[in-house]
Structures are given as structure tokens and as C-alpha cells.
Amino acid sequence: MSRFHTAILAVLAFAPKTLAAGSFDTLLTAVPPQVNTLVLVNVKAAYASPLARNEKWADDYYHRYKSGTGFVPPDAEAVVIASTVNLSTMTRDHQIGVVKVTGLPTATALATRENGTVSEVAGQPFILSPRDVYFTTLTREAAIAAIYPADRQASARWVRYASTSKTIDLAPYLKQAADAAGEDVLTIAVDLADSQDATLLKVGLATSPAVVKQKGVDIGRVARFISTVRGLTFSARVGETITGTIRVDFSEDPAPVKMILRELFLELLDDQGVAVPGLEQWQTTYGNTSMTLTGPLTTLDLRRIMSLFAFPGATSADAPQVTPGEISRPATLRYWSAVNTVLADLRNTKDSPDYAKTATWHEKAANQLDHLNRNGVDPLAVEVAHEAARRIRAVGASLRGVPIDLDSISRKGYAYSSPSVGYSLSWWGRIRPVWYGPGAVSTNFPQIRAEAESVIANDQKRRIETWNQIDQLMSDTRRKLSDKFKIQL
């Protein structure tokens, strides 16, 4: 599974607000207590904001959902996404998305739209979609639920819990974040209590550019402080504009490490390939046990942050109806439009000044292409989306220090080359400053960092060539589909 730690890196905020108005209460009773990552999307508050009305967010998200690129249906009121992240390896097994809607589809209707199969899991009808996701409905909460990737045992355990739970049983930090969500459009919280090891942090901090640049930093003291971290939460409030707030909570006063803490945090985001334009200009304040950053976000920034936790949404009710086994022109055009939407969004990132810091956005775009509904779609369109996805993944890997093999990438048996070095370039989370070889582990971290940065810089030409391949593939397929369906795409 691809890294999940990048998701955490964009999710850091917590600010005192009015208590939640109950928008998520019924959905939160379905969240099992072991989760340590929680996402709340207040759809009603988002669409009611002046900015959303001016920019017609409701129309935009409707078209994205209808095309298959969105996970928020038109009648959604609130979305809760929960997962348990292994904070040592920074991976997750699966995540649960619960969407409160005004009209629940039947299991048969969902199966038809997904070209999936209906089976019973723990006494509950579940739809297994070819997109590697289980769908079901919760009548008590009036919600559609998605378990992604599809895991039958995890689905069974979850639905047994959700069908009997009557109270919210979250970790204290997550409960506090949910209670404080208020009218925020997006709240993302990560419970980090007891997750950090001061010894491992000390190893990683020793070679951090931010630490090396500042002479006289007591690395041991900084490591001990960071190990007291309680959690990270990100929130976004939308009015005429979007304001993002990032808060990192500790168990101790940050005053003794204030001179280095902000720089370490910004370094962390850069290292992990999550670019949030203008973040370095956000205002930073310190509380008794917290560091808070506050600043403006664009609509595109907000959409990208949400995409870190996106899951394959249930296919729209007004999607083209397809007879099993047929190739449908409407379904193909819908799919083709979705592919172009994903690529257009990513190109906006590719051309930004922060392009070299956007590995994560490339990985998420590739996932989006893989998760589009292929029911009734012409194989030409499916193949070009697949080819684009693997090239985008190669570009994302290149931005993490893995060279692109342009010869292999053009062959059906494509796999980009293995890195000569591997590392988790992070002082936050589990620090693994190691070199991987046959049975060998070394701590020559400065050399590793230098080699990786060299690969990233030297691979720029191949990244451009890879994007040129994508453009050529799309152009060729557009011509073929236009000829086949007698329509100008």
C-alpha cells in the first residue's frame, strides 16, 4: 500500500470554537473506538457559505460526483471518514467513509450502478464493487457507508459494532476535535498520544537541515519535547474566503523549543511532498501546550487536502444505465470526462512553483484514475487511464527520489526502477533513517538525503518526458474514440 503518512502531514489544526451542533453525532456512533484518524466534512455548512455560492460549489461537486471523480453525493449533508493508521510504518489497512444522505438507495440499486455483487456480511447486505470497495447502507443513520480497500472481515467487524453502538466512543483527542468542529467545513484530527519515541526522534533530528542550520540546538531536549505530542488537527472555515488553522498539541510548554519548532514542521511538509502554497507565510502562535498556524487557503487547496482521504464514492443514480457486457457510448464519455478532470486538476499542481514538493498529489491522482467506474466503458478509454495512472505514479516516485525508467514505462510490463536508497525523511512519526540493502541497515542518513535530492533534481527531464507521453497517449485515444463514436471529444 502507498504511504499514508502524507495524509497526516496536511492535517494539523485545532482552535476553540462553539460546540458541534450535532451534525455528526449519529454518524460518529458508527465509528469504532480504535481509530486514530478522523475526518469530518460539513457539507451543508460548505454549500451555505458565501464563497461556495459565488463559486457554485454545489454545481461543481455535483458534476464531479456525476462524472465519478467525487465522493460527496448531491444529497449529502455530512461525511465522516475514520481509519486506524499504524504510526510506526505510516500505513493503514482500510478506512471507513460514512455519508449522511437524504435518500438511501437500495442494495440492488447500488449493485446495478457499480456492476457489483450483493452478499451478506454479518447479516447486512453489502455490495462488493469492482473498484475494490464494499458499500452498504445504515438505515438508523440514513447513511451510505464505504469500506476501502474492500476487506470482508474488517467490514463484518465494523458493521457489528455500528449496528449496536448507541454512544460516541472516540479517543479523547478525537472527541475533543469533533466537539469543537462547529461550522467548520473540514476538520481532520489525528490522535498521536504515545506514538513517538524520543530516541528515534533524536536520530532523525541530528541530520535535519533546520537543526543543522541553527547552531546550539539541544537535540535531546527537542526530541523529548516532540515525543510528548498529543495530536494534530486541521480545520478550514469558509466565509467570503477560506481560513485554515493548524494546531499541534503537546503535553508540555513549547517555549523552550520555539526557535526550531515551526521550521521543523515546515521542513516536514516539504520532505513528504505535500505542498500547501503560502504556508510559510501563515501566522504562528504558541499556547501553553500548542503551536498554531493560521492563514488563507484557496478552493483548490481545500479540495486537494480533502482528496488525501477520498474514497471511491457510490456511483451516481443518474449515471448511464449499462447492460452487462455492452460498451456504452454515454458511459465512455462520462469516464473520458472524469479522466480529463483528474489530469486537469493535477496539471494545475504540475505547473505551480511548488511542483517539486507535490509527490503526494500525483499519487492521489493516480488512485483517482484507478477508482473510476469502468462499467460499460470502451477498453480504449480504460487502457489510456491505466497508462496515465502508472506514469503519474512514476512521476510521484521520482519526486521522492526514485528514478524513472523511460524504456520500461513504455512497455506493458512496466515497473519503474527501484531506488538505490530508501528512507523516511521525517523527524515526525517513526524515524527510519536507513539504507536498505540485502540484509543490511546503515544510518548514513546525510548521504541518503544527498543522493535522494540528487535523483530528484536530475530526473526533472524524465518527468517532463513522462508527462509528454501522457499527453500523447491522451491525444491518440481522443482521436480514436472520436472516430469510433462519431463525436468530437
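Every number in this text was worked out from the coordinates using simple rules, so none of it is lab data. The model shown is predicted, which means the values in this text are computed figures rather than measured ones. All Cβ positions, even for glycine, are placed from backbone atoms using ideal geometry, and neighbour counts span all protein chains on display.
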Report summary line: So for R0 = 25 Å, FRET eff. of residue 382-residue 464 from the Cβ-Cβ r, to 0.05, ends up at 0.45
**Report entry** Label-point separation, residue 151 to residue 214 (7 Å along Cα→Cβ), nm
**Finding:** 3.8 nm
Report task. Compute the FRET efficiency between residue 294 and residue 165 as 1/(1 + (r/R0)^6), taking r as their Cβ-Cβ distance and R0 = 51 Å, and round to the nearest 0.05. Result -> 0.90
Query raised in the report: What is the sum of charges around residue 101, taking Lys and Arg as +1, Asp and Glu as -1, for the other residues whose C-beta is under 13 Å from the C-beta of residue 101?
Result: -1
Requested in this report: Rounded to whole Å and sorted largest first, list the principal axis extents of the Cα atoms in the range 34-164.
Outcome: 45, 40, 27
Query raised in the report: the range 108-223: Rg/Rh from Cα coordinates, Kirkwood Rh?
Result: 1.19
Query - Rg and Dmax of the range 269-328, Cα atoms only, in Å - result: 20.1, 63
Requested in this report: Calculate the all-directions average of the projected area of the range 261-364's alpha-carbon convex hull, and give it in nm².
Outcome: 9.3 nm²
Query raised in the report: Pulled fully out, how much extra length does the chain show between residue 326 and residue 280, if you take 0.36 nm times their separation in residues and subtract their Cα-Cα distance?
Result: 11.4 nm
Query raised in the report: In cubic angstrom, how much convex hull volume per residue do the alpha carbon atoms of the range 119-180 span?
Result: 107 Å³
Query raised in the report: Pulled fully out, how much extra length does the chain show between residue 255 and residue 486, if you take 0.36 nm times their separation in residues and subtract their Cα-Cα distance?
Result: 76.4 nm
Requested in this report: In nm, give the distance between the simple-model label positions of residue 263 and residue 410, each being 7 Å from the Cα along the Cα-to-Cβ direction.
Outcome: 4.6 nm
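What are the semi-axes of the equivalent ellipsoid for the range 158-214, taken as the square roots of 5 times the Cα gyration tensor eigenvalues, largest first, in whole Å?
Working: eigenvalues 265, 58, 16 Å².
Each semi-axis is the square root of five times an eigenvalue, giving 36, 17, 9 Å.
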Query raised in the report: Taking the Cα centre of each part, how many Å lie between the range 37-52 and the range 196-222?
Result: 38 Å
